[in-house]
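Here is the structure we will look at.
Only the coordinates and a few stated rules stand behind these numbers; no lab work does. Note that the structure is a prediction, hence the values are computed from the model and not measured. For neighbour counting, all protein chains shown are included, and Cβ atoms are generated from backbone atoms with ideal geometry for every residue, glycine included.
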Amino acid sequence: MRAEKKFISAEYVSRLSQSPFFLVVDYRGLSVGQFGELRKRLSKAGAELHVVKNTLFRVAAKESGIADLQGALAGQLAVVTGKKDFAAAAKVLKTYQSEFEKPKLQFGYIGTQALKVDEIRAIADLPPLEQLQGKILGLLQAPAQKLVAVINTPGSQIARVLKAKSEQA
């Protein structure tokens with residue numbers, strides 16, 4: 001492999017190592033302006049979009065220990081990586097695809113777990129991470145609040161009875 005290709009492959013390995021996920025999309029049919037808009041939207045979600053050379057990306061994925069992508073990469077592909085929320089990047093892609101019918105989602109990986117298009121769309125339909133965390137926190141706090149109310153009830157009832165008696169006397 002030539003020095004330039006080794007450098008590019010090493011860059012792909014670095015991106016894959018720093019990202020807990022990646023999504024592969026076929027970007028054929030996107031204009032330069034549309035591609036730039038998609039990059040902006042992904043950037044707001046904490047993700048990046050990079051055009052990849054299939055053979056070099058295949059080598060990089062194998063070197064980074066993620067997957068052997070033999071036969072999975074064909075056509076004009078771009079890879080979405082990020083350091084934050086996978087679901088946010090998937091939502092951006094799904095929304096953008098519904099608006100422009102492009103890019104076409106191919107597959108994705110979270111860690112070493114392969115994801116099909118249907119699985120990625122299901123994750124994209126989930127509520128935002130902050131909202132899920134809030135729901136879980138609410139579920140965890142509810143039993144404690146009920147326990148405090150049950151423990152507090154007899155004491156407050158006695159206090160009300162004593163107050164009523166003192167007001168009558």
With the chain treated as a Gaussian network of Cα nodes joined by springs under 10 Å, which of ALA144, ALA60, ALA45 yields the largest mean-square fluctuation? ALA144
Using the Karplus curve 6.51 cos²θ - 1.76 cosθ + 1.60 with θ = phi - 60°, what ³J(HN,Hα) values do you get for each residue of the stretch 153-159, in whole Hz, with x for Gly and Pro? 4, x, x, 5, 5, 5, 4
Which value in Å does the Kirkwood hydrodynamic radius of the stretch 1-100 take, with 1/r averaged over all unlike C-alpha pairs and then inverted? 14.0 Å
Which of [x] 0.97; [y] 1.04; [z] 1.36 is the computed Rg/Rh (Cα atoms, Kirkwood Rh)? It is [z]
May I ask you to evaluate 6.51 cos²θ - 1.76 cosθ + 1.60, the Karplus curve with θ = phi - 60°, for each residue of the stretch 95-107 and list the ³J(HN,Hα) values in order in whole Hz, giving x for glycine and proline? 5, 5, 5, 5, 6, 10, 6, 8, x, 8, 6, 9, 5
Just report the Cα centroid separation between the stretch 126-169 and the stretch 20-38, whole Å. 50 Å
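Computed from the mean reciprocal separation of all distinct C-alpha pairs, what Kirkwood hydrodynamic radius does the stretch 128-169 have, in Å? Display every interim value, and only then the final one.
Numbers: mean 1/r = 0.0780 Å⁻¹.
Every distinct Cα pair counted, the radius reaches 12.8 Å.
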To the nearest 20 debye, what charge dipole does the stretch 3-126 have about its Cα centre, counting +1 at the Cβ of each Lys and Arg and -1 at the Cβ of each Asp and Glu? 200 debye
If the label point sits 7 Å along Cα→Cβ of LYS40, residues of the stretch 78-101 with amide N under 12 Å come out as none
Using a Gaussian network model on the chain with a 10 Å cutoff between Cα atoms, which of VAL148, VAL32, VAL92 fluctuates the most? VAL148
Interchain or sequence-distant (5+) residues whose placed amide H lies within less than 5 Å of the amide H of LEU115 are GLY108, TYR109, ILE110
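Given the pairs LYS44/LYS104; LYS102/LYS135; LYS53/LYS104, which are separated by over 25 angstrom at their Cα positions? Let's see the in-between values first.
Details: LYS44/LYS104 20 Å; LYS102/LYS135 33 Å; LYS53/LYS104 17 Å.
Distance filter (> 25 Å) returns LYS102/LYS135.
Contact order normalised by length for the stretch 16-169, with contacts defined as Cα pairs under 8 Å and 6 or more residues apart; what percent is it? List each step's numbers first, then the result.
Values: 176 pairs, mean separation 43.9, N = 154.
Result for the stretch 16-169 is 29 percent.
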